[in-house]
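Participant: I'd like to ask some things about the structure below.
None of the figures in this text is laboratory data; all of them are computed from the coordinates on show. Predicted model only: the values in this text are computed from it and were never measured. Here the Cβ positions follow ideal geometry from the backbone for every residue, glycine too, while neighbour counts run over all protein chains shown.
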Amino acid sequence: MTLAPTNTLIIDNAQLIGGEWVPAANGDTIDVINPATREVLARIPRGGAADVDTAVRAAEAAFPAWRDTPPGQRAALLMRWAELVEQHEKELDLLESQEVGRPHWGPLGIPRQLRFIAGQADKVSGLSLPTNVPDAIGLTLREPFGVVGAVIPWNAPGPMFVNETAPAIAAGNTIVIKPAEDAPLTPFALAKLALEAGIPPGVVNVVTGYGPEAGAAIPAHPGIRKMGFTGSPPTGASVMAACAKNLVPLHLELGGKSPQVIFPDADLDTAIPAIVTSITLNTGQICAAGSRVVVDRAVHDEVVSRLADAMAHVTVGPWYQPVRMGPLINAKQHKRVLDYVQSGQDEGAELVLGGGVPDGEVFEQGFFVEPTLFDGVTPEMRIAREEIFGPVLSVIAVDGEEEALAVGNGTDYGLVAAVWTGDIGRAVRMARGLQAGQVTVNAALAGGALVGGPFGGYKHSGFGRTMGADAVLEYTQVKTVLLRGNA
Ligand code: NDP
């Protein structure tokens, strides 16, 4: 099945630098494949330091005029971008499905995201400050940094691209961004629509290539004034080290090991399907995936049996079939997830469901794994502590609230946590006690239910916030001004 040529948003072998679509300086390319079928969707430039340098110069050239564009006008351009994205929403959804390999999610919600951020552009304001002298006025200004850099992952390339690009340019910065080589096509399509919307050349620059080549060149470039990164902790640490060399601030979103804490008074009819969705959506390749069920022993057996039943009904297949779960993104992730399954068994967890590759001809080409459930997991096991980024759910039994909180907080991560209870007092105590950047009560993921919720981590999940109004402020720096009249 080949739908690639019908997608008019696919851009072949060109990256966006200074408003021009150009190949890599060295002419090299990388194939982008559909991970369900291994069909080649397009070639992308294998950019490197030379391409990043050209892009940073283009972004520097575009910066002064963009900074001085009235914020209301910047907002209008972002609104126009949202309109064009809305007009192409079906093609964008198809494109992201093709490159990530997932079944259709339906509209990705990008226009709503863009409009929210556009609405913040003319609301970036400072403070008035008291002074000690009558002939002076004190105030703060929030100003853009200049050229900002960003590196994003492959799991939700469209929303990730907008999460960094929209707040950065809304605040008056220009940007050089590198999508993952596995899923760069939706970012390119979105960048094309940004140009069409009238966002000036050089404001958004997209360079592609391998992480250690093109990706590493961005934080290492002396022209970058601020950096955003989403991905794994080791790569995040290397981006941070490069930023440290140039004394550049950054924000990091490094994934999670999010607990779904279930108390005996939880409404399991709501909790079970929501938790199963949270770990199988995008084949578990979501930073907020609820990958640990921390359940009170009083309802443990019922929870495990209902989870097993619900997970067994999750249909798996390629993106063009009406299934709930597609393949993993690539061979490396496939091996990684299967290795974690092995490690769970080696460490003594009980494999209740799945754990392998589904049977059938259709699964031979792609990187498929079964929805997998482990019971009898203890907090020390690797499957309880490390981010697997696959549809693997670990159940840990606890006794009471205190232990639930300790186990819920017992990993290095702290991105998202969910609590399932009918007791409002317990909900409040857990919401305060859980060390996570986002806590949901009686919901597995905040998702589209929340408007403008900042997103980001505690502990090793990172720092800084994307998505909400704070994301725009994240891309500004504060200047203090004292205005003194003539004596
Ligand atoms: P990485 O962190 O290596 O990749 C994320 C992004 O960083 C990609 O664009 C990648 O480019 C780029 N990159 C890789 N190396 C460098 C570097 N030295 N300097 C700058 N940028 C670089 O994650 P992986 O794709 O290898 O996935 C491994 C694990 O990371 C997953 O299993 C999951 O646990 C976690 N992860 C977390 C995500 C999250 O949302 N927080 C998202 C993705 C992964 P390229 O891919 O083109 O090489």
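Participant: Give me, ordered by chain and number, the residues 5 or more places off ASP28 or on other chains with an amide H under 5 Å from its own placed amide H.
Facilitator: ARG46
Participant: Okay, moving on. Can you tell me the relative contact order of the stretch 109-163? Whole percent, Cα pairs under 8 Å, sequence separation 6 or more.
Facilitator: 34 percent
Participant: Obtain the nm distance between the two label points defined at ARG484 and ALA331 by a simple spin-label model: each point lies 7 Å from its Cα along the Cα-to-C-beta direction.
Facilitator: 6.9 nm
Participant: LYS245 to ALA49: extension gain in nm, 0.36 nm per residue of separation minus the Cα-Cα distance? Mind showing how you got there, number by number?
Facilitator: Numbers: separation 196, 0.36 × 196 = 70.56 nm, distance 1.66 nm.
Extra length from LYS245 to ALA49 when fully extended: 68.9 nm.
Participant: Restricting the count to DSSP beta bridges whose residues both fall in the chain, what percent are antiparallel, rounded to a multiple of 5?
Facilitator: 40 percent
Participant: Each residue of the stretch 283-299 in order: what ³J(HN,Hα) in whole Hz does its phi give by Karplus 6.51 cos²θ - 1.76 cosθ + 1.60, θ = phi - 60°, with x for Gly and Pro?
Facilitator: With the stated coefficients, the stretch 283-299 comes to 6, x, 8, 9, 4, 8, 3, x, 8, 10, 9, 9, 10, 5, 4, 4, 10 Hz.
Participant: Pull up all non-local amide H partners of ALA42: gap of 5 or more, or a different chain, and H-to-H distance under 5 Å with H placed in the peptide plane.
Facilitator: Hits under the 5 Å cutoff: VAL32.
Participant: Please order LEU483, LEU41 by the number of other Cβ within 10 Å, starting at the fewest.
Facilitator: Exposure proxy ranking, most exposed first: LEU483, LEU41.
Participant: Also, I was wondering about something else. Go through the stretch 396-408 residue by residue and turn each phi into a ³J(HN,Hα) via Karplus (6.51, -1.76, 1.60, θ = phi - 60°); whole Hz please, and just put x for glycine and proline.
Facilitator: 10, 8, 9, 10, x, 5, 4, 5, 4, 5, 4, 6, x
Participant: Report, ordered by chain and residue number, the lysines lying within cross-link reach of LYS192, taken as a straight Cα distance under 22 Å and ignoring same-chain residues fewer than 8 apart.
Facilitator: LYS90, LYS178
Participant: So what are the ³J(HN,Hα) numbers for the stretch 462-469, from phi and the Karplus equation (6.51, -1.76, 1.60; θ = phi - 60°), rounded to whole Hz, Gly and Pro as x?
Facilitator: Ordered by residue, 3J(HN,Hα) equals x, 8, x, 10, 10, 6, x, 4 Hz.
Participant: Give me the distance in nm between label points sitting 7 Å out from Cα along the Cα-to-Cβ direction at ALA298 and THR140, one decimal.
Facilitator: For ALA298 paired with THR140, the spin-label model returns 4.7 nm.
Participant: One quarter of the convex hull surface, Cα atoms only: what value does that give for the chain in nm²?
Facilitator: 24.5 nm²
Participant: Same structure again: Cross-link candidates for LYS335: which lysines have Cα within less than 20 Å, leaving aside residues fewer than 8 places away along the same chain?
Facilitator: LYS257
Participant: Something else: What is the gain in length, in nm to one decimal, between GLU196 and ASP12 on full extension, counting 0.36 nm per residue of separation less the C-alpha to C-alpha distance? Can you show the working numbers first?
Facilitator: On the way: separation 184, 0.36 × 184 = 66.24 nm, distance 1.78 nm.
Difference between extended and current length: 64.5 nm.
Participant: Give me P(r) over the stretch 60-174, computed from all C-alpha to C-alpha distances, binned every 10 Å, as integer percentages.
Facilitator: 13, 34, 28, 16, 6, 3, 1
Participant: Still on this structure, I have one more. Please give the length that would be gained between GLU364 and GLU380 if that part of the chain were fully extended, namely 0.36 nm times their separation in residues minus their C-alpha to C-alpha distance (nm, one decimal).
Facilitator: 2.3 nm
Participant: In terms of the Cα gyration tensor, with a ≥ b ≥ c the square roots of its eigenvalues, is the stretch 1-117 rounded because a/c is under 1.5, prolate because a/b exceeds b/c, or oblate?
Facilitator: It is oblate, given that a/c is not under 1.5 and a/b is not larger than b/c.
Participant: Compute the distance in nm between two label points, each set 7 Å from the Cα along the Cα-to-Cβ direction, one at GLU350 and one at ARG67.
Facilitator: 6.3 nm
Participant: Out of residues 5 or more away from VAL419 or on other chains, whose amide H comes under 5 Å of its own, with H placed 1.01 Å from N in the peptide plane?
Facilitator: VAL261, THR440, VAL441, ASN442, ALA443
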